Structure formats: C-alpha cells, structure tokens
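What follows draws every value from the coordinates through simple rules; no lab data is involved. Predicted, not measured: the structure shown is a model, and the values here were computed from it. Cβ sites come from the backbone with ideal geometry, for glycine too, and all protein chains shown count toward neighbours.
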C-alpha cells in the first residue's frame, strides 16, 4: 500500500520537498518528523518514511481522519496543493471502482 500512495502522490504532482508540512497536517508529531529528517538522506526517503508512519497511524493520525484518501486529500487542500488534491480525488474514485 505504501508504494501505491507514493506513486499516487507522484502522479498528482505533489512536491516532495513539502513532506514535512504534509506529515504535520496528516497528524504526525514534529519530533517524529525531525527524526525522519535526521535518519534519511533524501527528500524522497523522507516522504516515504512519512507516508509509512501515516499508514501505520502513528502519533495523532487517527485524530486527522486516519490513513485514508480523504484525509490525504484534506491535508493537500490545507496546504493549497489543490491541483494535487483534485487529481487524488479523481484517482481514488477510479481505484474504488476496481475494488
């Protein structure tokens, strides 16, 4: 599931450099994100680890709606990444059709 979410964000045009803010908006603690930054060399690795922790519902993820397409879309919208959020919404509907 991690690779699916990562690929989906890439297709949606999400800028990997904003991984830290995305993590905060998804409910991860700043300390968690600081550790991710310390332990990973590239922004891509940081984004992967952020998404992994989100999917495992670390920290306060459940208070932000859990690890769902809707909560991911809401986080993107709150960052003004509206084009990425819109594409995510479209793709998640297609994924739901095939389940």
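Listed values, structure above:
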| quantity | calculated |
| --- | --- |
| Residue within segment 29-46 that is free of Cβ contacts under 8 Å to residues at least 40 places away in the same chain and within 21 Å of residue 89 (Cβ to Cβ) present | no |
| Any hit, segment 8-29, residues being touching a helix residue (DSSP H, G or I) at 6+ places or on another chain (Cβ under 7 Å), part of a helix (DSSP H, G or I) and surrounded by fewer than 12 Cβ atoms within 10 Å (Cβ to Cβ) | yes |
| Complete set of residues in segment 30-42 that are surrounded by 11 or more Cβ atoms within 10 Å (Cβ to Cβ) and within 14 Å of residue 58 (Cβ to Cβ) | 30, 32, 33, 34, 35, 36 |
| Number of the exception - residue 50 against (1) surrounded by fewer than 17 Cβ atoms within 10 Å (Cβ to Cβ); (2) under 14 Å from the mean Cα position of the chain (by Cα) | (1) |
| Unmet criterion (only one of (1) surrounded by 12 or more Cβ atoms within 10 Å (Cβ to Cβ); (2) under 16 Å from residue 7 (Cβ atoms)) for residue 75 | (2) |
